[in-house]
């Protein structure tokens, strides 16, 4: 289901490709480097508080949380930013259901662009 949300958005193809890779856990984060026994920084470079995973970078990092809050406020979206418990696509599905139809394409683009820019 996540791939349908990704590929139907207005985001550029490179952003869609990034999310496709992230959804398959194919991005070079600290947890993956650790599994492959490659040199890496021990924690997230943005917050230096936790192990860097795709979930952490996209949703649960304090830096990412602030970016999500600022972006959704700027877009005048009324629902809360993604929480640490859910995946980005779980949040997107719930947010999409309560977003007015004319704003859904914008929500989709923001949902893909924010993590890509982070």
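The values are calculated or read from the model by the stated rules, or taken from the named source; none is laboratory data. Here the structure is a predicted model, which is why all the values come from computation and not from measurement. Neighbour counts are summed over all protein chains in view; Cβ atoms, including those assigned to glycine, are modelled from backbone coordinates with ideal geometry.
Mind checking which residues of segment 49-77 are closer than 16 Å to residue 30 by Cα and in a helix (DSSP H, G or I)? I'd like the intermediate steps shown before the answer.
Step one: filter segment 49-77 for residues closer than 16 Å to residue 30 by Cα, giving 49-61.
Those that are closer than 16 Å to residue 30 by Cα and in a helix (DSSP H, G or I): 54, 55, 56, 57, 58, 59, 60.
Just checking, does segment 101-113 include any residue being on the phi > 0 side of the Ramachandran plot and out of contact with any strand residue (DSSP E or B) (no Cβ under 6 Å at 6 or more places or on another chain)? No; the residues of segment 101-113 include none that is on the phi > 0 side of the Ramachandran plot and out of contact with any strand residue (DSSP E or B) (no Cβ under 6 Å at 6 or more places or on another chain). A Cβ distance below 9 Å, combined with a sequence gap of six or more or placement on separate chains, defines the contacts here; from segment 43-56, residues that are free of Cβ contacts under 8 Å to residues at least 12 places away in the same chain reach residues that are outside any loop (DSSP other than H, G, I, E, B) in the pairs 45/30; 50/56; 50/60.
Of everything in segment 78-98, what is outside any helix (DSSP H, G or I) and crowded, with 18+ Cβ neighbours inside 10 Å? Give them in sequence order.
Our first condition is that a residue be outside any helix (DSSP H, G or I); within segment 78-98, this holds for 78-87.
81, 82, listed by residue number.
Checked across segment 56-75, the condition of being touching a helix residue (DSSP H, G or I) at 6+ places or on another chain (Cβ under 9 Å), more than 22 Å from residue 18 (Cα to Cα) and surrounded by fewer than 14 Cβ atoms within 10 Å (Cβ to Cβ) holds for at least one residue. Within segment 1-16, the residues that satisfy the criterion of being within 15 Å of residue 117 (Cα to Cα) and not in a loop (DSSP other than H, G, I, E, B) are 13, 14, 15, 16. For segment 17-30, the set of residues classified as in a helix (DSSP H, G or I) and crowded, with 17+ Cβ neighbours inside 10 Å consists of 18, 19, 22, 23, 30, listed by residue number. Number of residues in segment 68-89 that are modelled with pLDDT of 90 or more and over 11 Å from the mean Cα position of the chain (by Cα) equals 6.
Which ones in segment 99-118 are farther than 22 Å from residue 17 by Cβ and surrounded by 14 or more Cβ atoms within 10 Å (Cβ to Cβ)? Matches in segment 99-118: 99, 103.
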